[in-house]
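One structure is given below, encoded as structure tokens.
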Amino acid sequence: MAASLLAREVSDLCLGKPALRSLSVSATVGDALTTLKRSRDNYISFWNCNHGHFSEVDKVDAVAALDDCRCVGKVCVADIIGFLCKEENLSNPGIALQAPVSVLIPKTGDFVRHLESNASLVEAMDLILEGVQNIVIPMEIGGKNSRKKLLQNNLSKSTFHNGRQYCWLTQEDMVRYLVNSISLFSSAAVNPINSLDIINVQDIPAVHYDDPASSALPLLAKCLEMQTSVAIIDGEGKLIGEISPYKLNSCDEDVAAAIATLSAGELMAYIDFGGPPEDLIQLVKERLQERKLVKALELMEDYSGNSSVSSSCSSSSDDEFGVGRSVVKSVGNSARSVKRSEAIVCHPWSSLVAVMIQALAHRINYVWVVKEDRTLFGIVTFAGMMKIFRETIEDHGLGKALKKSPT
């Protein structure tokens, strides 16, 4: 086990990954939205410096400034939708989109960390277990003229500092590697998850089917940070679906009006596969009129009046990222049927390796844990899974050996 893991640097897990696209500190929320819509990226990185062209006079200072430039967060469409859902922003979405993109970045928490490309996998795992959610790894480019290339590149399109571009090292990357090396951890991997103390049963992000969708916004903000989703439950506590940031990433910004006016259950139908039903679109418009949210209503009219964007949410990215799980099913005791965002579930007695494979197959960072009658019991995440592997490494006395010595 030691030899195998010691040989694995985080750069090995980043082979073939695309370089980060980036936003500079001067970007607006509207700039972020435009960039995300024009790219195939679900997320765009946010840096504490300006990426752009510099005058000849500014070039020396620019290079010095970029030496200290770091990624401090990432932004997705779901972040922007949540921002637009605020009452003051719904009153005038156009003005809200002119706000600096920094308003979307959490002010507390250490969610992004840089790590050198020769760091060990175990060092990356330790960062995740400390609460870091996103790790930035440099991709070496090399060459004598790399700093000159830095200034010649359009840095608003590609993040390029000190002769290097950067990529995300995700929790999925690490868990996928661990699954590929599962024979090294077989004693722990075959155990049921309820015996491993990794099921979160206390802080479950969940709302009731009939609750206002807007009541899920604080939970959605937390889920965006922790890379999970908000569970939708019925009156008996049974899981009937979820509101997923991954799904919101495929939506247009006018879905903010739906979140502000619909129930959680209605929102599931609104954003689900195939686009929102016409009756729900009309319901949203009526409620916007009642609340005199004229600008938000105009935004909806712009989209519904354009046949090329007749659906607020697209299913194209779902297939690519493995989150297209929508089916039509009854919602049990809620006495109505909706298109349901089918949540991925396991049971307390499911084995760790089975849950890992399940999450990887659907390209999500979590799996809901339900009882036999589908009552929501908890949630298990990639971070919790990695904790078991890290403990196994320590149990074998490899903790110190697996940390690279300074070179």
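The values are calculated or read from the model by the stated rules, or taken from the named source; none is laboratory data. The structure displayed is predicted, hence computed values, not measured ones. For neighbour counting, all protein chains shown are included, and Cβ atoms are generated from backbone atoms with ideal geometry for every residue, glycine included. Areas reflect the complete protein model, heavy atoms only, side chains present, ligands, DNA and RNA absent. Shrake-Rupley method; radii C 1.70, N 1.55, O 1.52, S 1.80 Å.
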| remark: Karplus ³J(HN,Hα) for the range 197-208 (6.51 cos²θ - 1.76 cosθ + 1.60, θ = phi - 60°; Hz, whole; x = Gly/Pro) runs 6, 10, 8, 7, 10, 9, 9, 8, x, 8, 9, 7
| request: Between the alpha-carbon centers of the range 272-298 and the range 72-133, tell me the distance in whole angstrom. | output: 28 Å
| task | Just flag the GluC sites (Glu not before Pro) in the range 74-131 sitting in loop per DSSP whose Cβ has no more than 16 other Cβ atoms within 10 Å. | result | Glu116, Glu130
| request: Tell me the label-point distance for the pair Ala354, Ser215, using the 7 Å Cα-to-Cβ offset, in nm and rounded to one decimal. | output: 3.4 nm
| field | In Hz, Karplus ³J(HN,Hα) per residue of the range 223-236 (6.51, -1.76, 1.60; θ = phi - 60°; x = Gly, Pro) | value | 5, 4, 5, 9, 6, 10, 9, 9, 7, 10, 10, 8, x, 9
| said: I want to check the label-to-label distance for Glu87 and Lys295. Put each point 7 Å from Cα in the C-beta direction and report it in nm to one decimal. | reply: 1.6 nm
| Local net charge near Asp203, Cβ-Cβ under 13 Å (Lys/Arg +1, Asp/Glu -1) | 0
| message | Let me cross-check Arg363: its accessible surface, 1.4 Å probe, with only protein heavy atoms counted, in Å² to the nearest 10? | response | 100 Å²
| Phi to ³J(HN,Hα) by Karplus 6.51 cos²θ - 1.76 cosθ + 1.60 over the range 359-369, Hz, x for Gly, Pro | 5, 5, 5, 9, 6, 10, 9, 7, 9, 6, 10
| query | Roughly how many percent of the accessible protein surface of the range 171-234 is carbon and sulfur, given a 1.4 Å probe and a whole-percent answer? | reply | 52 percent
